[in-house]
1. Hey, among V27, V76, V49, which residue is touching an Asp or Glu at 6+ places or on another chain (Cβ under 7 Å) and either modelled with pLDDT of 85 or more or of a type in the set (F, W, Y) (or both)?
2. Which residue, of L122, L51, is of a type outside the set (F, W, Y), closer than 22 Å to F187 by Cβ and under 17 Å from the mean Cα position of the chain (by Cα)?
3. Just one of the numbered conditions (1) among the polar types (S, T, N, Q); (2) under 26 Å from F107 (Cα atoms); (3) part of a loop (DSSP other than H, G, I, E, B) is not true of T173; which one?
4. What residue, among those in the stretch 164-195 that are of a type in the set (S, T, Y), modelled with pLDDT under 85 and more than 21 Å from the chain's Cα centre (by Cα), is nearest to N67 (Cα to Cα)?
5. Would a scan of the stretch 124-141 turn up a residue that is in contact with a Gly (Cβ under 9 Å, 6 or more places away or on another chain) and of a type in the set (S, T, Y)?
6. Identify, by number, the condition in (1) surrounded by fewer than 17 Cβ atoms within 10 Å (Cβ to Cβ); (2) closer than 18 Å to V76 by Cα that V127 doesn't meet.
7. Has the stretch 136-159 got at least one residue that is at pLDDT 90 or above, among the polar types (S, T, N, Q), surrounded by 12 or more Cβ atoms within 10 Å (Cβ to Cβ) and part of a helix (DSSP H, G or I)?
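The values are calculated or read from the model by the stated rules, or taken from the named source; none is laboratory data. All figures in this text were calculated on a predicted structure; none of them were measured in a lab. No Cβ is skipped: glycine too gets one built from the backbone with ideal geometry, and neighbour counts run over all protein chains shown.
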Amino acid sequence: MKINKRISKLLKLECGQCSSCCRDIQVDITDADLIRLVKHTGISADRLVRLYGHNKNDRDIESDWFNLSYGKRAIVLNKKRNGDCIFLERDSGCIAYEARPMTCRIFPICVVYDEDHDIVNLEKSEVITDKTITCTCSGKTGQTYEDFMTIARQARKEHALFLHMIDKWNSQTDNGNKNDFLRFLGFKVLTHTSK
(Lines give C-alpha, C1' and ligand atoms only; values in the text may rest on other atoms or scores of the structure.)
Protein backbone atom coordinates (compact mmCIF):
# COMPACT_ATOMS: atom_id res chain seq x y z
CA MET A 1 0.00 0.00 0.00
CA LYS A 2 1.34 3.39 -0.97
CA ILE A 3 0.95 6.49 1.13
CA ASN A 4 -0.99 9.30 -0.56
CA LYS A 5 -2.62 12.61 0.47
CA ARG A 6 -5.83 10.96 1.68
CA ILE A 7 -3.95 8.45 3.86
CA SER A 8 -1.60 11.17 5.15
CA LYS A 9 -4.65 13.22 6.17
CA LEU A 10 -6.23 10.17 7.79
CA LEU A 11 -3.10 9.46 9.84
CA LYS A 12 -3.27 13.01 11.27
CA LEU A 13 -6.49 12.17 13.10
CA GLU A 14 -6.16 12.49 16.86
CA CYS A 15 -8.51 11.29 19.53
CA GLY A 16 -10.72 14.04 20.92
CA GLN A 17 -11.06 12.22 24.28
CA CYS A 18 -14.87 12.15 23.93
CA SER A 19 -15.11 8.42 24.82
CA SER A 20 -17.95 7.96 22.35
CA CYS A 21 -16.20 4.89 20.91
CA CYS A 22 -15.99 3.46 24.45
CA ARG A 23 -19.72 3.77 24.95
CA ASP A 24 -21.64 3.05 21.83
CA ILE A 25 -19.89 0.31 19.87
CA GLN A 26 -18.90 -3.26 20.53
CA VAL A 27 -15.23 -4.14 20.34
CA ASP A 28 -14.33 -7.40 18.61
CA ILE A 29 -11.30 -8.98 20.24
CA THR A 30 -8.88 -11.78 19.52
CA ASP A 31 -7.28 -14.24 21.90
CA ALA A 32 -4.11 -12.09 21.84
CA ASP A 33 -6.14 -9.06 22.98
CA LEU A 34 -7.65 -11.17 25.72
CA ILE A 35 -4.26 -12.45 26.88
CA ARG A 36 -3.03 -8.85 27.27
CA LEU A 37 -6.19 -7.80 29.12
CA VAL A 38 -6.18 -10.76 31.53
CA LYS A 39 -2.52 -10.21 32.33
CA HIS A 40 -2.95 -6.44 32.81
CA THR A 41 -6.19 -6.50 34.83
CA GLY A 42 -6.09 -9.85 36.63
CA ILE A 43 -9.74 -10.36 35.62
CA SER A 44 -10.61 -13.79 34.24
CA ALA A 45 -11.27 -14.14 30.51
CA ASP A 46 -14.87 -15.28 31.01
CA ARG A 47 -15.66 -12.02 32.84
CA LEU A 48 -13.91 -9.79 30.29
CA VAL A 49 -15.86 -10.99 27.26
CA ARG A 50 -19.34 -11.63 26.07
CA LEU A 51 -20.61 -13.35 22.97
CA TYR A 52 -22.36 -11.65 20.13
CA GLY A 53 -25.04 -13.76 18.44
CA HIS A 54 -25.42 -14.25 14.72
CA ASN A 55 -28.51 -12.72 13.15
CA LYS A 56 -29.95 -15.30 10.73
CA ASN A 57 -30.80 -12.49 8.27
CA ASP A 58 -27.20 -11.28 8.25
CA ARG A 59 -25.53 -12.38 5.02
CA ASP A 60 -22.22 -10.77 5.91
CA ILE A 61 -20.74 -13.51 8.09
CA GLU A 62 -17.04 -13.05 8.54
CA SER A 63 -14.65 -15.85 9.32
CA ASP A 64 -14.22 -14.85 12.96
CA TRP A 65 -17.58 -16.38 13.86
CA PHE A 66 -17.27 -19.64 15.73
CA ASN A 67 -19.75 -22.42 16.26
CA LEU A 68 -21.10 -23.22 19.70
CA SER A 69 -23.68 -25.83 20.58
CA TYR A 70 -26.31 -23.05 20.54
CA GLY A 71 -25.26 -21.24 17.35
CA LYS A 72 -22.67 -18.97 15.73
CA ARG A 73 -21.02 -16.38 17.95
CA ALA A 74 -18.30 -13.73 17.89
CA ILE A 75 -16.34 -12.65 20.95
CA VAL A 76 -16.48 -9.03 22.07
CA LEU A 77 -15.33 -7.00 25.03
CA ASN A 78 -17.83 -6.94 27.88
CA LYS A 79 -19.79 -3.81 28.76
CA LYS A 80 -21.25 -2.30 31.89
CA ARG A 81 -25.02 -2.24 32.34
CA ASN A 82 -25.17 1.30 30.97
CA GLY A 83 -23.44 0.19 27.74
CA ASP A 84 -20.01 1.64 28.53
CA CYS A 85 -16.88 -0.44 28.05
CA ILE A 86 -15.97 -2.23 31.28
CA PHE A 87 -12.68 -0.34 31.33
CA LEU A 88 -14.12 3.16 30.94
CA GLU A 89 -13.97 5.19 34.13
CA ARG A 90 -15.65 8.56 34.25
CA ASP A 91 -12.67 10.53 35.58
CA SER A 92 -9.68 8.47 34.45
CA GLY A 93 -10.65 7.26 30.97
CA CYS A 94 -9.53 3.76 29.99
CA ILE A 95 -8.11 1.90 32.97
CA ALA A 96 -6.68 -0.79 30.66
CA TYR A 97 -5.19 1.61 28.13
CA GLU A 98 -1.76 -0.07 28.00
CA ALA A 99 -3.40 -3.43 27.22
CA ARG A 100 -6.30 -2.19 25.08
CA PRO A 101 -7.44 -4.33 22.13
CA MET A 102 -5.98 -3.76 18.68
CA THR A 103 -9.33 -2.41 17.49
CA CYS A 104 -8.97 0.40 20.04
CA ARG A 105 -5.32 1.02 19.15
CA ILE A 106 -6.14 1.51 15.47
CA PHE A 107 -9.32 3.54 15.93
CA PRO A 108 -10.47 5.90 14.34
CA ILE A 109 -8.88 4.25 11.32
CA CYS A 110 -10.12 1.04 9.71
CA VAL A 111 -7.62 -1.21 7.97
CA VAL A 112 -8.81 -2.90 4.77
CA TYR A 113 -7.32 -6.31 3.93
CA ASP A 114 -7.43 -8.38 0.76
CA GLU A 115 -8.13 -12.13 0.61
CA ASP A 116 -4.51 -12.88 1.51
CA HIS A 117 -4.76 -10.65 4.62
CA ASP A 118 -2.47 -8.04 3.06
CA ILE A 119 -3.20 -4.42 3.98
CA VAL A 120 -4.56 -2.71 0.87
CA ASN A 121 -6.16 0.47 2.22
CA LEU A 122 -6.89 2.66 5.22
CA GLU A 123 -10.23 4.36 5.78
CA LYS A 124 -11.93 6.39 8.46
CA SER A 125 -13.85 4.00 10.69
CA GLU A 126 -17.35 3.27 9.44
CA VAL A 127 -18.91 4.06 12.84
CA ILE A 128 -17.72 7.65 12.35
CA THR A 129 -18.65 8.04 8.69
CA ASP A 130 -22.13 6.56 9.15
CA LYS A 131 -22.57 8.62 12.36
CA THR A 132 -23.14 5.60 14.64
CA ILE A 133 -21.08 7.55 17.15
CA THR A 134 -20.39 11.25 17.58
CA CYS A 135 -16.61 11.23 17.50
CA THR A 136 -14.63 14.39 18.18
CA CYS A 137 -11.38 13.21 16.59
CA SER A 138 -9.71 15.94 14.59
CA GLY A 139 -6.89 16.32 12.09
CA LYS A 140 -3.89 17.61 13.99
CA THR A 141 -0.60 15.73 14.31
CA GLY A 142 -1.71 12.11 14.65
CA GLN A 143 0.93 9.45 14.03
CA THR A 144 3.48 8.56 11.42
CA TYR A 145 2.74 6.11 8.65
CA GLU A 146 5.48 3.80 9.93
CA ASP A 147 4.15 3.79 13.52
CA PHE A 148 0.60 3.13 12.38
CA MET A 149 1.61 0.37 9.98
CA THR A 150 3.59 -1.36 12.75
CA ILE A 151 0.39 -1.57 14.82
CA ALA A 152 -1.71 -2.53 11.79
CA ARG A 153 0.67 -5.35 10.87
CA GLN A 154 0.64 -6.66 14.44
CA ALA A 155 -3.17 -6.55 14.43
CA ARG A 156 -3.22 -8.42 11.10
CA LYS A 157 -0.87 -11.11 12.43
CA GLU A 158 -2.86 -11.59 15.65
CA HIS A 159 -6.14 -11.73 13.76
CA ALA A 160 -4.80 -14.32 11.31
CA LEU A 161 -3.65 -16.54 14.21
CA PHE A 162 -7.05 -16.14 15.88
CA LEU A 163 -8.81 -17.15 12.65
CA HIS A 164 -6.63 -20.26 12.55
CA MET A 165 -7.76 -21.15 16.10
CA ILE A 166 -11.40 -20.55 15.13
CA ASP A 167 -11.01 -22.88 12.13
CA LYS A 168 -9.60 -25.56 14.45
CA TRP A 169 -12.47 -25.07 16.90
CA ASN A 170 -15.12 -25.10 14.17
CA SER A 171 -13.79 -28.38 12.75
CA GLN A 172 -14.73 -30.17 16.00
CA THR A 173 -18.02 -32.05 16.00
CA ASP A 174 -18.98 -31.08 19.58
CA ASN A 175 -18.51 -27.33 19.87
CA GLY A 176 -19.63 -26.72 23.46
CA ASN A 177 -20.26 -23.32 25.05
CA LYS A 178 -18.45 -20.03 25.71
CA ASN A 179 -16.36 -21.43 28.55
CA ASP A 180 -15.38 -24.47 26.49
CA PHE A 181 -14.20 -22.12 23.73
CA LEU A 182 -12.20 -20.01 26.20
CA ARG A 183 -10.59 -23.16 27.65
CA PHE A 184 -9.76 -24.27 24.10
CA LEU A 185 -7.94 -20.94 23.65
CA GLY A 186 -5.98 -21.67 26.82
CA PHE A 187 -7.77 -19.51 29.39
CA LYS A 188 -8.79 -20.38 32.92
CA VAL A 189 -12.51 -20.05 33.39
CA LEU A 190 -13.96 -19.14 36.77
CA THR A 191 -17.68 -19.35 36.07
CA HIS A 192 -19.46 -22.64 35.55
CA THR A 193 -21.86 -21.91 32.74
CA SER A 194 -22.16 -18.94 30.45
CA LYS A 195 -23.49 -18.17 27.01
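1. Numbers: V27 fails: touching an Asp or Glu at 6+ places or on another chain (Cβ under 7 Å); V49 fails: touching an Asp or Glu at 6+ places or on another chain (Cβ under 7 Å).
Of the residues listed, the single one that is touching an Asp or Glu at 6+ places or on another chain (Cβ under 7 Å) and either modelled with pLDDT of 85 or more or of a type in the set (F, W, Y) (or both) is V76.
2. When all the criteria are applied, what remains is L51.
3. (2)
4. T173
5. For the stretch 124-141, residues in contact with a Gly (Cβ under 9 Å, 6 or more places away or on another chain) and of a type in the set (S, T, Y): present.
6. (1)
7. yes
Per-residue answers, yes or no, for (1) modelled with pLDDT of 85 or more; (2) hydroxyl-bearing (S, T, Y):
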| position | (1), (2) |
| --- | --- |
| S19 | yes, yes |
| L37 | yes, no |
| R59 | no, no |
| Y70 | no, yes |
